[in-house]
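J.: Sharing a structure here in structure tokens format.
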Ligand code: FEO
């Protein structure tokens, strides 16, 4: 797509990537993506974010069709991740008079990404800059979704350059502005869940920070550009998706399990009984009966988690690894308490592996795991009840 003036003196100079199907080798995207880069054609020409490295030549050609690269005064790096900075090194070679602006962490990250020195100036939260007939204001919004992230706001245009936030891996088809008749909510939600959800608390803080800022256009670094009804819908979705989990009157313990032959399931029931006997609420979660969204929701609502798994081929079965992998995509509570149980037949390594996984992401395991060979006896089930009651009693 050729450069386009999307707002007065704001030119889209990015790149489209419609055939991308796995973003960053991590996340699926059914509709490709875009790397939105914006040139502000003022007396001090300024670029907001660059594009992924493989599209660097395209970015440079787009810029050269609008300005002489030696005239480029500033490159604002809202965030350092290589899909926005991968072409920065190449651009700096051609734009020797440009100074990179960004948060202090962006400067540190970029220098280690490029492994070279370059003109950089850190901007402070609330700082403004006159770029020759247009003002830029910098708003620090850490963890949306890296610690380095800022928004750049152009008050005269009521336009916010929001980098990854409010974006989507969805390649615009013909028109850069979002079309409310071709809603891409599912792509926005998948992107949110993969990249942003983990930082829900920071999303809430950022939304609160800008709630009184008049924004008529949000210009993210991926996907369609937002204004009018499409912008209002997206903001409403972010408010909904980032909302703090609703808490019940009682503490909640989630009992998440996989059971090939019913033995670990019986242990799960006993753990849940123990939780209830201690006055807390237990929610059983048999992984194969729940969606990933339901599992993540439980991770975020629960005050403690107990994982039950058999051992298969001396390992945790793959679906249970996947279920536990969802922990790192969840907005987990700061205080993390967990327990482990499971039936096994031969060697029973799974419990130790699960303990290690949980400890690695900050869970405390105050009670010994309950491991049972084959069918749990009444005495084994009593230990499971003790595990549940003990964890519930640990929640304070
Ligand atoms: Fe689109 Fe966090 O990079």
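Computed from the coordinates by the stated procedures, all read-outs in this text should not be read as laboratory data. Since the structure is predicted, the reported quantities are computational estimates derived from the model, not experimental observations. Here Cβ is always computed from backbone atoms with ideal geometry, including for glycine, and neighbour counts include all displayed protein chains.
J.: In whole Å, how far is the Cα centre of the stretch 213-263 from that of the stretch 51-130?
T.: Each part's Cα centre sits 31 Å from the other's.
J.: Is the C-alpha gyration tensor of the chain telling us rounded, prolate or oblate? Criteria: a/c under 1.5 is rounded; beyond that, a/b larger than b/c is prolate, otherwise oblate.
T.: Judged from the Cα gyration tensor, the chain comes out prolate (a/c at least 1.5, a/b above b/c).
J.: Right, here's the next one. Tell me what the chain gives for mean residue ellipticity at 222 nm when only DSSP H runs of n ≥ 4 count, each as -39,500 (n - 2.57), the sum divided by the residue total, rounded to 500 deg cm²/dmol. Before the final figure, lay out each step's value.
T.: Values: 12 runs with 122 residues, N = 396.
Helices in the chain give a 222 nm mean residue ellipticity of -9000 deg cm²/dmol.
J.: Okay, next question. Give me the distance in nm between label points sitting 7 Å out from Cα along the Cα-to-Cβ direction at residue 201 and residue 117, one decimal.
T.: Each label point is offset 7 Å from its Cα along the Cβ direction, giving 3.9 nm.
J.: Any chance you could give the angle, 0 to 90 degrees and rounded to 10, that helix 200-209 forms with the longest Cα principal axis of the chain?
T.: The helix 200-209 is inclined about 40 degrees to the chain.
J.: Between residue 352 and residue 335, 0.36 nm times their residue separation minus their Cα-Cα distance comes to what? List each step's numbers first, then the result.
T.: Working: separation 17, 0.36 × 17 = 6.12 nm, distance 2.14 nm.
4.0 nm is the gain from fully extending residue 352 to residue 335.
J.: I've got another one for you. Would you kindly state how much longer the chain becomes between residue 359 and residue 273 on full extension, computed as 0.36 nm times their sequence separation minus their alpha carbon distance, in nm to one decimal?
T.: 28.5 nm
J.: A further question on this structure: Determine which residues of the stretch 230-261 fall in the zone a paramagnetic label at residue 175 would reach in this model, i.e. backbone nitrogen under 16 Å from the point 7 Å along Cα→Cβ.
T.: The answer is 230-233.
J.: Compute the acute angle (0 to 90°) between the alpha-carbon long axis of helix 228-241 and the principal axis of greatest extent of the alpha-carbon atoms of the chain; round to the nearest 10°.
T.: 30 degrees
J.: Once both labels are modelled 7 Å past Cα along the beta-carbon direction, what's the residue 292-residue 54 spacing in nm?
T.: It is 2.2 nm.
J.: How big is the Cα convex hull of the stretch 138-259 in projection, averaged over all directions, in nm²?
T.: Result: a mean projected hull area of 10.4 nm².
J.: What residue among 17, 84, 222 shows peak mean-square fluctuation when the chain is described by a Gaussian network model with Cα springs under 10 Å?
T.: With Cα springs under 10 Å in the chain, the top fluctuation among 17, 84, 222 is at 17.
J.: Evaluate the stretch 252-393: find the radius of gyration of its Cα atoms, find its Kirkwood radius, and give the ratio Rg to Rh.
T.: A ratio of 0.92.
J.: For the stretch 356-378 and the stretch 266-336, what is the centre-to-centre distance using only Cα atoms, to the nearest Å?
T.: So the separation of the two Cα centres works out to 12 Å.
J.: Of 112, 81, 355, which is the most mobile in a GNM of the chain whose springs link Cα atoms less than 10 angstrom apart?
T.: 112
J.: Let me ask something else. Given the Cα-Cα distance of residue 94 and residue 210 and 0.36 nm per residue of separation, how much length would full extension add, in nm?
T.: Full extension from residue 94 to residue 210 adds 38.2 nm.
J.: Between 88, 367, 39, where does the largest GNM mean-square fluctuation fall for the chain, given springs only between Cα atoms within less than 10 Å?
T.: Result for the chain, Cα springs under 10 Å: 367 fluctuates most.
J.: So what is the relative contact order of the stretch 4-241, in percent, for Cα pairs below 8 Å that sit 6 or more residues apart?
T.: With pairs under 8 Å counted, the relative contact order is 18 percent.
J.: So, one more: In degrees from 0 to 90, rounded to the nearest 10, what is the angle of the helix 378-393 Cα long axis to the longest principal axis of the chain?
T.: The two axes meet at around 40 degrees.
J.: A further question on this structure: Let a ≥ b ≥ c be the square roots of the eigenvalues of the Cα gyration tensor of the stretch 9-160; is it rounded (a/c under 1.5), or, if not, prolate (a/b larger than b/c) or oblate?
T.: Verdict is rounded for the stretch 9-160.
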